[in-house]
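Written out below as structure tokens is the structure these notes cover.
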Amino acid sequence: MTVMCDLGPAARRMADLVDGVPDSLLTAPTPCERYTLGDLIEHVDGLSLAFTAAATKDATETGARAASQGPSGHAARLDDDWRTRIPARLAALADAWRAPAAWAGETRAGGLDLPAELAGRIALNELVVHGWDVARAMGRPFEADARELEACLSFVSAMSAPDQLDSRGDAFGPVVDVPADAPLLDRVIGLSGRDPAWRRPGP
């Protein structure tokens, strides 16, 4: 089994975004309607633990707990050291998925048993799409490389098929139509249930 894709660039990009979030924006809205920026950052903290455990197939009590619980999303749970802790956890996440064994067999993430390869693709999509969310909430530009976006497009396209609509759950909003010739990032974002034109309200 080989490594399907390197999560390192997406994890580093997310870490840089998290490190640059000022306290004044923690209550700012995001493209995820149910999340403020602080909520979203805490969600990223949780998913970094969950998908690291999924990669390592950690059978310890701590690992099993991380893999069985879905990432939350409550800013009140952010500790004082979140700007350093979350980037460190994101680095650990990327490192865990560099092991070929991470992509083999079955694993558990968010309380669900699923193929490890699928878990890795979900982790990449979470980093890319939520990276866009965080950047938009701060009014910052966001870019991802074509290989990442192609992998995400494959995943979100499959999740947008008519027979998959019931399984989208809370993870995705309704598909936002974008032109077929739109940039790759916009197509990923639209299929993820977000409006690529979303901008942070206010000055």
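The values are calculated or read from the model by the stated rules, or taken from the named source; none is laboratory data. Source: prediction; values computed, not measured. With ideal geometry, Cβ positions are generated from the backbone for all residues, glycine too; neighbour counts draw on all protein chains shown.
Filter the stretch 24-51 down to residues that are acidic (D, E) and either under 12 Å from the mean Cα position of the chain (by Cα) or at pLDDT below 95 (or both) and give me whichever is farthest from A102 (Cα to Cα).
Here the answer is E33.
On the basis of being modelled with pLDDT under 95 and outside any helix (DSSP H, G or I), does F142 make the cut?
Here the answer is no, as F142 does not meet what is asked.
Screening R85 on (1) modelled with pLDDT of 95 or more; (2) under 16 Å from the mean Cα position of the chain (by Cα); (3) under 20 Å from L7 (Cα atoms) shows it passes everything except condition (2). Entry remark, the stretch 91-113: residues being within 13 Å of D6 (Cβ to Cβ) and of a type in the set (A, V, I, L, M) number 6 in total. Candidates in the stretch 43-59 are the residues that are of a type outside the set (S, T, N, Q), within 18 Å of R12 (Cα to Cα) and in contact (Cβ under 8 Å) with a residue 40 or more places away in the chain; of these, the one that is surrounded by the most Cβ atoms within 10 Å (Cβ to Cβ) is F51.
Among the residues of the stretch 99-116, just one is surrounded by 15 or more Cβ atoms within 10 Å (Cβ to Cβ), of a type outside the set (F, W, Y) and within 17 Å of G8 (Cα to Cα), namely A102.
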